[in-house]
Amino acid sequence: MIGNGYCANDRCIMNSSFSGNYVYILECSDGTLYTGWSTDIKNRVQVHNSGKGAKYTRGRRPVLLVYWEKHDTKSEALKREQAIKNMSRSLKLELIRSSPVKYNDF
């Protein structure tokens, strides 16, 4: 893992030229959490919020990016995504809470 971050509401400004292999957690409007993988988090969150993202998030908009990690390779990111998906909700919330708030990381 290279880094992690946190974005709440409109306090995190993301630079669309930032690329990599990311695992992210979204908080849906119903309070549930969704974990995914992308090379462009800013675009992926926009896709989720447009209703064209994962089937799970379509009926739970708007979504909010609450956690992300950058990895060196797609393989590492996909493995971490699965590990996070296998975590209990309480462990995911602890992961989110333990991440320092970072602004302008994208």
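The values are calculated or read from the model by the stated rules, or taken from the named source; none is laboratory data. Bear in mind the structure is a predicted one, so any value in this text is a computation, not a measurement. A quick note on method: Cβ atoms are made from the backbone with ideal geometry, for glycine too, and the neighbour counts reach across all protein chains shown.
Filtered by the rule that a residue be surrounded by 14 or more Cβ atoms within 10 Å (Cβ to Cβ) and more than 11 Å from the chain's Cα centre (by Cα), the stretch 59-78 gives Arg60, Arg61, His71, Glu76, Ala77, Leu78. Considering only the stretch 30-58, state which residues are under 8 Å from the mean Cα position of the chain (by Cα), within 15 Å of Gly20 (Cα to Cα) and not aliphatic (A, V, I, L, M). Scanning the stretch 30-58 gives Gly36, Trp37.
Do the conditions hold for Ser29, that is, is it assigned to a helix (DSSP H, G or I), at negative phi and free of Cβ contacts under 8 Å to residues at least 40 places away in the same chain? Spelling it out, it is not the case that Ser29 is assigned to a helix (DSSP H, G or I), at negative phi and free of Cβ contacts under 8 Å to residues at least 40 places away in the same chain.
In the stretch 58-104, the qualifying residues are those that are in contact (Cβ under 8 Å) with a residue 60 or more places away in the chain and of a type in the set (S, T, N, Q), and the one that is farthest from Leu26 (Cα to Cα) is Asn104. Pick from the stretch 32-54 the residues that are small (Gly, Ala, Ser) and part of a loop (DSSP other than H, G, I, E, B): which of them is nearest to Ser88 (Cα to Cα)? This residue is Ala54.
Of all residues in the stretch 55-106, those that are part of a loop (DSSP other than H, G, I, E, B), at pLDDT 95 or above and in contact with a helix residue (DSSP H, G or I) (Cβ under 8 Å, 6 or more places away or on another chain) total 4.
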